[in-house]
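Have a look at the structure below before the remarks.
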Amino acid sequence: MRLLKNPKFNFMDFRKTGFLLSSILIGASLVSLVLHGGPKFGIDFRGGKFAEFRFEDKADSTAQVDVAIEEVRKSLSDMNIGANEVKTFGSSQEIAVQFDENTDLGEESMNRIISGLEATTGNNVKLRRTETVGPKIGRELVWSALIAILISMGLILIYIMFRFELRFGVGAVAALAHDITITLGIFSIFDIEITVPIIAAVLTIIGYSLNDTIVVFDRIRENLKTIKKRVSGYAALVNRSINETLSRTIVTSGTTLIVVMVLYFYGGAIINDFAFALICGIIIGTYSSIFIASPILVEWEARRQAAPALAGKKK
């Protein structure tokens, strides 16, 4: 399926603009991460206690009730119970609470919490589930996630280096680092927690972005063998290769983006952040394969060709 017939967009003429835009986005991401003291980790990584409550009408348990989060916060505060975060969890009558690590969630304390919430909201309250993650386990999960990402990027570099050339591997890994940094920066700017599903989304982004980059790289390699002498330079060859794969990129990224956006708007709060991470990753990954990975090849080639001339001047 070809949406565009023989496109001739001159992407490489805008590579410096792309580098500038990416530098601004990466800079904003790093500044936000520094100001926030790093990514905002969820209970999976930070350690702590979590409970999910369902509020039901006393007269009709099947009726929809709207619970004000402010009422829940006030009730917990009146009971001197520390809560780091209170938010809806799927619907307005499902409330998730992240408690301080030292909060007692034993049977007696939980019964007191439920009674207080019932008195404040005027609804029946049912405990759906509780979770507890120790800080040591949380730290181990952070390191495991970081190691998984670094190992995957290292193996990608080695694989592409052998399949193509070193410069292709450097371009692909630089694009992946670009995608991850900006995605984490967006989460930091919007104060969204990094949880295990988000790490899964980041690894998915790595695979998706890499696949898009490999398609472009494969076409560049083919064109280097077949039409190198028929184009006016390496930048023109890369430009032509991107245009030849542009329809495929639009179809693949566009259809995937539509599905993920449906998940984001209609999938519920449970997968909302996961879908948001994928949306960011798809958009940024598609952009980076065109304006980061490919331009790095052009800049690498330009410096390689300039090296003999510079060496001659020094002599």
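With neighbour counts taken as other beta-carbon atoms within 10 Å, the residues V215, V298 rank, fewest first, as V215, V298.
For the residue pairs K49/K126; K5/K225; K40/K87; K8/K225, the C-alpha atoms sit more than 19 angstrom apart in K5/K225; K8/K225. List every DSSP H helix in the chain whose Cα atoms extend 20 Å or more along the helix's own long axis and whose mean Kyte-Doolittle hydropathy is at least 1.0. What comes out of the filter, once short or polar helices are dropped, is 15-35, 135-163, 166-189, 272-288.
If you model the stretch 114-189 as an ellipsoid using its alpha carbon gyration tensor, with each semi-axis the square root of five times an eigenvalue, the axes come out at 46, 16, 10 Å, biggest first. Express in % the proportion of alpha carbon pairs of the chain at distances exceeding 32 Å. That tail contains 44 percent of the Cα-Cα pairs. The coefficient of translational diffusion for the stretch 180-315, derived via Stokes-Einstein from the alpha carbon Kirkwood radius under 25 °C and 0.890 mPa s, stands at 145 µm²/s. By the equivalent-ellipsoid construction on the alpha carbon gyration tensor, the stretch 18-64 comes out with semi-axes of 43, 17, 7 Å, ordered largest to smallest.
Here the relative contact order of the stretch 174-284, from alpha carbon pairs under 8 Å that lie six or more residues apart, stands at 38 percent. Counting neighbouring beta carbons within 10 Å and listing from fewest to most, the residues D60, D212, D104, D273 come out as D60, D104, D273, D212.
For K16, a cut-off of 14 angstrom between C-alpha atoms picks up these aspartates and glutamates, skipping any fewer than 8 places away in its own chain: E299.
With contacts taken as Cα pairs under 8 Å and at least 6 residues apart, the chain reaches a relative contact order of 26 percent.
Shown here for the stretch 203-265: chymotrypsin sites (Phe, Trp or Tyr not before Pro) in loop regions (DSSP other than H, G, I, E, B) with at most 11 other Cβ atoms within 10 Å, of which there are none. Computed over the stretch 48-133, the alpha-carbon pair-distance distribution with 10 angstrom bins reads 18, 58, 22, 2, each value a whole percent. Using the Cβ-Cβ distance between I69 and F14 with R0 set to 41 Å, the FRET efficiency works out to roughly 0.35.
All of the numbers you see were taken from the coordinates with simple rules; none came from a lab. As the structure is a prediction and not an experimental result, all values here were calculated from the model. We place every Cβ from the backbone using ideal geometry, glycine too, and count neighbours over all the protein chains shown.
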